[in-house]
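**Q** Pasting in a structure now, in structure tokens, and then I'll have a few things to ask.
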Amino acid sequence: MASRQLQVLSALDGAKTQWYHFRAIVVAGMGFFTDAYDLFCISLVTKLLGRIYYADPSSPTPGSLPPNVAAAVNGVALCGTLVGQLFFGWLGDRLGRKSVYGMTLMLMVVCSVASGLSFGHTPASVMATLCFFRFWLGFGIGGDYPLSATIMSEYANKKTRGAFIAAVFAMQGFGILAGGVVTLVLSTVFRNAFPAPAYQVDAAASTVPQADYVWRIILMLGALPAALTYYWRTKMPETARYTALVAKNAKQASLDMSKVLQSEIEAEPEKLDEIMARGEDYGLFTSRFAKRHGLHLLGTATAWFLVDVAYYSQNLFQKDIFGSIGWIPKARTMDALEEVFRISRAQTLIALCGTVPGYWFTVFLIDVVGRFWIQLVGFAMMTVFMLGLALPYHHWTTPGNHVGFVVMYGLTFFFANFGPNATTFIVPAEIFPARLRSTCHGISAAAGKAGAIIGAFGFLYAAQSPDPAHVDAGYKPGIGVQKALYVLAACNLLGFLVTFLVPESKGKSLEEMSGEADAEEGNGANKVRPSGEQLV
């Protein structure tokens, strides 16, 4: 296999872990840090937006966003992300990873700032401009998914490629954590500077005018980490695999990687010509792609869809947990900034205890255990814990039994991140041909965001109580949280089964996985079966 591969690609596959690997992780990872911060920080301030823009001092409860407005504010960035994943994934295979990478980052910087500057004279106009800018923010974030994964996979060596890609994705956990910490700090500073009574004491005075600055500052700070890494993104050379296998410029690929690896690498244009002659330059919508990678793409896209349905629906019962254990008291007993403080503190603790550790377990074990088993076990454990929450749901919601609920809830997060939430990001960057790698990753990621939209908003409506007397304001009766949990358990079980469509890529070169190293029938990707003894 090595004799048929370009020296520049063999050098990358066999390279020892070096400084450029860590620099690539930081540069690509800071994009994901920003992505997570921008996507998740909005949930920390939606209650505050309701108090500021939809307040009714005569009401016994604080103002809240109407359901349609709340869905738009929270979901529009996810919609933008889905579109961006498809568009920039395709563009990354057409124009190159590096040139498109800078576009996505600048879009994120500009739209983060613009989101905080949302303007208007009425609540509807402020929410409309906020949604407009957050859609385009999500569009830029969407591009970061296929490009960051593809760049890291094409820079990494065979031995630790999974850990490097996982480390990029793990920065998402720190982004979620940073959103909580920033909100904690800002809400504390403003509470101390502008004290206010609880809503039930003085409804009008419970939301100080300065609270309007808090959510704007939180959103705008998302531009900072992206702006700081823009320079380093522009300095990264194009990946050798794109330059050689897609742009067909072996000389430039060797020159770029000679600088990166600090060693002489032969260009081998003749060997590249031989490889191109042996290979078939098939496209996405061809029978050849369907035969080689059709089931793989179905597996990666479906698995990502299913895990995001479950992962993003976790907010269904956050209010039950946080309220039952006293982390978030009744809204009327707090002023606006105290409510922001309490929500961010709860989210930060969940991130520290369940979200961040799961990501890093994947980083340390993925090249030991393999992608297949981590995803399979992750889906299995998520199924178990979802059923563990659903079957005795009324027991968990009884006073005195909340500790078990919190533990089970935290473990579902842990096994999502030490499981399919991480592997669904990693595998699509490893198993498809270089000329379609970014596109296929974008398709898989977009399927995931479709699942996220269903999980975050479809289930928000579906999980409403069947009893009209217990339905949240503005919603219609649904199937209830317990039945919603059964549906989510079924999604995880289906994800477990879909995992068998995806090949194991541990320890194999990208060309071996994609079939580019050997175009003969029966070799390459077709040799790696989605089930059986060759999985690990």
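**Q** Compute the Kirkwood hydrodynamic radius of the stretch 36-98, taking the inverse of the mean of 1/r over all pairs of distinct Cα atoms, and give it in Å to one decimal. Please report the intermediate quantities before stating the final value.
**A** On the way: mean 1/r = 0.0715 Å⁻¹.
It works out to 14.0 Å.
**Q** Which of the lysines could be linked to Lys248 by a straight reach, that is with a Cα gap under 28 Å, when you skip same-chain ones fewer than 8 residues away?
**A** Hits, sequence-local ones excluded: Lys16, Lys98, Lys158, Lys159, Lys235, Lys259, Lys271, Lys291, Lys506, Lys508, Lys527.
**Q** Same structure, new question: In Å, the Kirkwood hydrodynamic radius of the stretch 138-230 over pairs of distinct alpha carbons?
**A** Every distinct Cα pair counted, the radius reaches 16.4 Å.
**Q** A further question on this structure: If packing is taken as the average count of other Cβ atoms within 10 Å, what order do 300-307, 455-462 fall into, highest mean first?
**A** Top of the packing list down: 300-307, 455-462.
**Q** On a C-alpha basis, how far is the centre of the stretch 396-441 from the centre of the stretch 60-96 in Å? Whole number, if you could?
**A** Each part's Cα centre sits 20 Å from the other's.
**Q** Evaluate the stretch 176-310: find the radius of gyration of its Cα atoms, find its Kirkwood radius, and give the ratio Rg to Rh.
**A** 1.27
**Q** How much length is gained if the chain between Asp281 and Lys159 is pulled fully straight, taking 0.36 nm per residue apart and subtracting their Cα-Cα distance, in nm to one decimal?
**A** Length gained between Asp281 and Lys159: 41.1 nm.
**Q** Sticking with this structure for a sec: Taking R0 as 51 Å, what FRET efficiency do you get between Lys248 and Phe364 from their Cβ-Cβ distance, rounded to the nearest 0.05? Kindly include the intermediate steps, with their values, before the conclusion.
**A** Working: r = 38 Å, r/R0 = 0.74.
Computed FRET efficiency for Lys248 and Phe364: 0.85.
**Q** Give me the percent of Cα-Cα pairs in the stretch 361-510 that sit more than 27 Å apart, rounded to a whole number.
**A** That fraction is 33 percent.
**Q** Under 1.5 on a/c is rounded, so check that first for the stretch 63-173, then, if it is not, pick prolate when a/b is larger than b/c and oblate when it is not; a ≥ b ≥ c are the square roots of the alpha carbon gyration tensor eigenvalues.
**A** prolate
**Q** Using the Karplus curve 6.51 cos²θ - 1.76 cosθ + 1.60 with θ = phi - 60°, work out ³J(HN,Hα) for each residue of the stretch 121-126 in order, rounded to whole Hz, and write x for Gly and Pro.
**A** 9, 10, x, 5, 6, 5
**Q** Sort the following peptides by mean Cβ neighbour count (other Cβ atoms within 10 Å, averaged over residues), highest first: 126-137, 387-398, 46-57.
**A** The densest-packed peptide leads the list: 126-137, 46-57, 387-398.
**Q** How tilted is helix 97-116 with respect to the longest principal axis of the chain? Cα atoms for both, answer in degrees (0 to 90, nearest 10).
**A** 10
**Q** Same structure again: Okay, helix-only estimate at 222 nm for the chain: each DSSP H run of n ≥ 4 adds -39500 (n - 2.57), divide by all residues, round to 500 deg cm²/dmol; what do you get? If you can, show how the numbers build up before the last one.
**A** Working: 22 runs with 359 residues, N = 536.
The per-residue figure over the chain is -22500 deg cm²/dmol.
**Q** Follow-up. To test your reading of the geometry: what angle, between 0 and 90 degrees and rounded to tens, separates the Cα axis of helix 481-498 from the longest principal axis of the chain?
**A** 0
**Q** A further question follows. Give the Kirkwood hydrodynamic radius (Å, one decimal) of the stretch 323-411, defined as one over the mean of 1/r across all pairs of different Cα atoms. It would help to have the intermediate numbers written out before the result.
**A** On the way: mean 1/r = 0.0651 Å⁻¹.
About 15.4 Å, per the Kirkwood formula over Cα pairs.
**Q** Equivalent-ellipsoid semi-axes (√(5λ), Cα gyration tensor) for the stretch 1-133, whole Å, largest first?
**A** 44, 15, 12
**Q** Could you go through the stretch 431-445 in sequence order and give the Karplus-derived ³J(HN,Hα) for each residue, using 6.51 cos²θ - 1.76 cosθ + 1.60 with θ = phi - 60°, rounded to whole Hz, and x for Gly and Pro?
**A** Karplus-based 3J(HN,Hα) across the stretch 431-445 equals 10, 10, x, 4, 6, 10, 4, 5, 4, 5, 5, x, 5, 4, 5 Hz.
**Q** Specify the angular offset, from 0 to 90 degrees and rounded to the nearest 10, of the alpha carbon long axis of helix 336-350 from the longest principal axis of the alpha carbons in the chain.
**A** Roughly 40 degrees, rounded to the nearest 10.
**Q** Return the carbon/sulfur percentage of the accessible area of the chain, one whole number, probe 1.4 Å, all protein chains in place.
**A** Carbon-and-sulfur percentage of accessible area, whole number: 67.
**Q** Taking the square root of 5 times each eigenvalue of the Cα gyration tensor, what semi-axes in Å does the equivalent ellipsoid of the stretch 5-78 have, largest first?
**A** 49, 12, 6
**Q** Moving on to the next point. Only Cα pairs under 8 Å and at least 6 apart count here; give the relative contact order of the chain as a rounded whole percent.
**A** So the answer I get is 23 percent.
**Q** Just from the alpha-carbon atoms, what are the Rg and Dmax of the stretch 151-198 in angstroms?
**A** My reading of the Cα-based Rg and Dmax gives 19.1, 59 Å.
The values are calculated or read from the model by the stated rules, or taken from the named source; none is laboratory data. Given the structure is predicted, the values throughout are model-derived calculations rather than measurements. With ideal geometry, Cβ positions are generated from the backbone for all residues, glycine too; neighbour counts draw on all protein chains shown. The area values use the complete protein model at the heavy-atom level, side chains included, leaving out ligands, DNA and RNA. Shrake-Rupley method; radii C 1.70, N 1.55, O 1.52, S 1.80 Å.
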